[in-house]
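The values are calculated or read from the model by the stated rules, or taken from the named source; none is laboratory data. Given the structure is predicted, the values throughout are model-derived calculations rather than measurements. Ideal geometry is used to build each Cβ from the backbone, glycine not excepted, and the neighbour counts take in all protein chains shown. All accessible areas refer to the heavy atoms of the entire protein, side chains included, with ligands and DNA or RNA removed. Shrake-Rupley method; radii C 1.70, N 1.55, O 1.52, S 1.80 Å.
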Amino acid sequence: MAAFNHHFLHATSLLVLVLVAVTASEAGAGGYGNTNPDLYEKPKPEKQNNLLSTKAILGIQGLVYCKSGHKVLPLEGESRAAARITCEAVDQYGLETSPATILSDATDAKGYFFATICPSEIENKKQLTKCKAFLELSSSETCNIPTDSNSGISGAVLASYRLLHDKNIKLYTVGPFTFTSSPQTQSSVPNNGY
């Protein structure tokens, strides 16, 4: 029995030594015990569709109208509207960050809006991966209820663009978006959680 205990203790000691050696080698090769920051593996960015991958300015244009009955017209008089452009973003490692959001300039008398995003305006080297344009606000007291016509409420995805070489702008066109003077019935409003 004493010989059995001696062999058992010897085998257990050998197993402990092997585990210590394995743990030490993992720590030296970048494991948990490693204190050398050069050996840490940094997250690698996934291939993302970076809308600002070139030095071109991102331009977004569209029209905003007022629909009253069967008439669709630009907002009348001094009334103006604006669109909001919101872009999903990732950092230099490909990790999702807070979105970037801008408002367009107010529409002109014909309902036209324009907004730009310059690469230099994007903080912390974010990459914009997916942008949408939304109908944001109307200053009209009689035509200020947004509709989801052309994804004005749910967001029109910026999908294709024209490159304006002389101005170095990737120009996206959305809409036209529409405000109305009367609320839509529940059955005609998409249920998108808002």
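Which one is farthest from the chain's Cα centre (by Cα) among residues in the stretch 91-109 that are buried (at least 16 other Cβ atoms within 10 Å of the Cβ) and closer than 12 Å to Ile60 by Cα?
Out of the qualifying residues, it is Ser104.
Return the residues of the stretch 110-125 that are open to solvent by less than 70 Å² (accessible area, probe 1.4 Å) and either over 22 Å from Ile57 (Cα atoms) or in contact (Cβ under 8 Å) with a residue 60 or more places away in the chain (or both); say none if nothing qualifies. Steps first, answer last, please.
Within the stretch 110-125, the subset open to solvent by less than 70 Å² (accessible area, probe 1.4 Å) is 111, 113-119, 122.
The answer is Gly111, Ile117, Cys118, Pro119, Ile122.
Please go through (1) in contact (Cβ under 8 Å) with a residue 12 or more places away in the chain; (2) open to solvent by 30 Å² or more (accessible area, probe 1.4 Å); (3) touching a strand residue (DSSP E or B) at 6+ places or on another chain (Cβ under 9 Å); (4) not acidic (Asp, Glu) for Leu128 and return the number of the only condition it doesn't satisfy.
(2)
Can you tell me which condition Glu88 does not meet? The list is (1) crowded, with 18+ Cβ neighbours inside 10 Å; (2) within 18 Å of Gly175 (Cβ to Cβ), and all the others hold.
(2)
Kindly evaluate Gly77 against the criterion of being at positive phi, open to solvent by 20 Å² or more (accessible area, probe 1.4 Å) and modelled with pLDDT of 85 or more.
No, not satisfied.
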